[in-house]
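> I'd like to ask you about the structure that follows.
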Amino acid sequence: MLASGIMGEDAGSIRRIISCGAGAIVTKSIGLTPRDGYPNPTVVETPHGLINAMGLPNPGIHLFRAELENLTHPHVPLIGSIFGATPEEFSSLAQKMNKYGAHAVELNLSCPHAQGYGSEIGADPENITKIVRQVKHTIDIPVFVKLSPNVTDIVQLAVAAQEAHADAIVAINTVKAMAINLETRTPVLANKSGGYSGEAIKPIGVRCVYDISKTVKIPVIGVGGITTGEDVIEYIMAGATAVQIGTAVYERGVDVFTTITKEMGKWMTQHHVKNILDLRGVAHL
């Protein structure tokens, strides 16, 4: 799948990603009202990934409607990522995403750099329970819960989501991080800290998927640092049912979905694996 936040802002970009082989699309995180986000600089490149503090900029659900309706009946599932501050906000957004054509919703309970949203409310199991229950009561399409690694016990949060009848867990969002300019002696990002993505966080994501999938019964979608076909195989061995790709689109180009699929096929042929499902969770001891 395309992960939220990368080329999921408009119908044209989404169509392009679909044409490049993505199995599903997760939109940019959308709120109830337009949001400008943080001033520049919002992204800094590191040797092994990106640190970003965008601040959840988005046009708001009412303006985003036009983009969704321009994608009527895409041949791959469209997953609407939403963020809010209360169960009622999430519920309202989910209802609109459903009405405008999304096949599922992903609850962003894990953004590490937006005050009053994301991980600030998603680090509490009680909040997760309330939000998921409210959303599930509102819509009948699948509800995915995206969790943060910047917590004491991510498994506890996954259990709370499952008990509230979430349909899948998405693990993980970005890791809280910072970069400092040695010449100016100040943080590079306008927001000072941001979320780290890219290949360096893959071991963190794999560990989270491993721990969660050993405990919950619902599917776990792995995300974080996936750059090659072998990275996908590792996530699946850890227990992932599916994966999302974000920063690798920037690093390897929009054809990365097709490229990674070919790399997976090559690995499977070399290791005499006929069905990818045979690898799911094999690393569990």
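The values are calculated or read from the model by the stated rules, or taken from the named source; none is laboratory data. As the structure is a prediction and not an experimental result, all values here were calculated from the model. Note: ideal-geometry Cβ built from the backbone for every residue, glycine included; neighbour counts use all protein chains shown.
> Of all residues in the stretch 103-121, count the ones that are under 15 Å from Ser29 (Cα atoms), in contact with a helix residue (DSSP H, G or I) (Cβ under 7 Å, 6 or more places away or on another chain) and modelled with pLDDT under 95.
The qualifying residues number 3.
> Another question, then. Determine which member of the set Val159, Val151, Val135 is in contact (Cβ under 8 Å) with a residue 40 or more places away in the chain, over 20 Å from Ala24 (Cβ atoms) and out of contact with any His (no Cβ under 9 Å at 6 or more places or on another chain).
Details: Val151 fails: in contact (Cβ under 8 Å) with a residue 40 or more places away in the chain; Val135 fails: over 20 Å from Ala24 (Cβ atoms).
Among Val159, Val151, Val135, only Val159 is in contact (Cβ under 8 Å) with a residue 40 or more places away in the chain, over 20 Å from Ala24 (Cβ atoms) and out of contact with any His (no Cβ under 9 Å at 6 or more places or on another chain).
> Could you please find all residues in the stretch 211-238 being under 17 Å from the mean Cα position of the chain (by Cα) and either part of a loop (DSSP other than H, G, I, E, B) or not β-branched (Val, Ile, Thr) (or both)? Working first, answer last.
We begin by selecting, within the stretch 211-238, every residue under 17 Å from the mean Cα position of the chain (by Cα); these are 212-213, 218-227, 231-232, 235-236.
Result: Ser213, Ile218, Pro219, Gly222, Gly224, Gly225, Ile226, Thr227, Asp231, Tyr235.
> Return yes when Gly37 is free of Cβ contacts under 8 Å to residues at least 24 places away in the same chain, part of a loop (DSSP other than H, G, I, E, B) and on the phi > 0 side of the Ramachandran plot and no when it is not.
Numbers: free of Cβ contacts under 8 Å to residues at least 24 places away in the same chain: yes; part of a loop (DSSP other than H, G, I, E, B): yes; on the phi > 0 side of the Ramachandran plot: yes.
Yes: the conditions hold for Gly37.
> Return the residues of the stretch 239-262 that are part of a helix (DSSP H, G or I) and within 22 Å of the chain's Cα centre (by Cα); say none if nothing qualifies.
As a first pass, look at the stretch 239-262 and keep what is part of a helix (DSSP H, G or I): 247-252, 256-262.
Answer for the stretch 239-262, where residues must be part of a helix (DSSP H, G or I) and within 22 Å of the chain's Cα centre (by Cα): Thr247, Ala248, Val249, Tyr250, Glu251, Arg252, Val256, Phe257, Thr258, Thr259, Ile260, Thr261.
Residue-by-condition table, conditions (1) under 27 Å from Leu93 (Cβ atoms); (2) in contact (Cβ under 8 Å) with a residue 40 or more places away in the chain:
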residue	(1), (2)
Pro142	yes, no
Leu147	yes, yes
Ala179	no, yes
Ala190	yes, yes
Ser193	yes, yes
Tyr210	no, yes
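> Working only within the stretch 44-57, note down all residues that are at negative phi, touching a residue at least 12 places away in the same chain (Cβ under 8 Å) and assigned to a strand (DSSP E or B). Step through it out loud before you land on a result.
If we filter the stretch 44-57 for residues that are at negative phi, which is where we start, we get 44-48, 50-54, 57.
Among the residues that remain, those that are also touching a residue at least 12 places away in the same chain (Cβ under 8 Å) are: 44, 46, 48, 50-54, 57.
Once the filter is applied, which keeps residues that are at negative phi, touching a residue at least 12 places away in the same chain (Cβ under 8 Å) and assigned to a strand (DSSP E or B), the stretch 44-57 yields Val44, Thr46, Leu50, Ile51, Asn52.
> Would you mention how many residues in the stretch 184-210 are in contact with a strand residue (DSSP E or B) (Cβ under 7 Å, 6 or more places away or on another chain) and either part of a helix (DSSP H, G or I) or modelled with pLDDT under 95 (or both)?
7
> Scan the stretch 1-12 residue by residue and report those that are surrounded by 14 or more Cβ atoms within 10 Å (Cβ to Cβ) and either more than 30 Å from Pro203 (Cβ to Cβ) or at pLDDT 95 or above (or both).
Filtering the stretch 1-12 for residues surrounded by 14 or more Cβ atoms within 10 Å (Cβ to Cβ) gives 1-11.
Within the stretch 1-12, Met1, Leu2, Ala3, Ser4, Asp10, Ala11 qualify.
> Would you please list the contacts, defined by Cβ atoms under 7 Å and residues six or more apart or on different chains, that run from a residue in the stretch 77-94 that is part of a helix (DSSP H, G or I) to a residue that is charged (D, E, K, R)?
Pro87/Lys130
> Going by the structure shown, is Lys266 in contact with a His (Cβ under 7 Å, 6 or more places away or on another chain) and on the phi < 0 side of the Ramachandran plot? Spell out how you get there, then give the answer.
Values: in contact with a His (Cβ under 7 Å, 6 or more places away or on another chain): no; on the phi < 0 side of the Ramachandran plot: yes.
No: the conditions fail for Lys266.
> Also, quick follow-up: Mind checking which pairs have a first residue in the stretch 255-283 that is farther than 15 Å from Gly23 by Cα and a second that is of a type in the set (Asp, Glu), Cβ under 7 Å, 6 or more apart or different chains?
Glu263/Glu230; Trp267/Glu230
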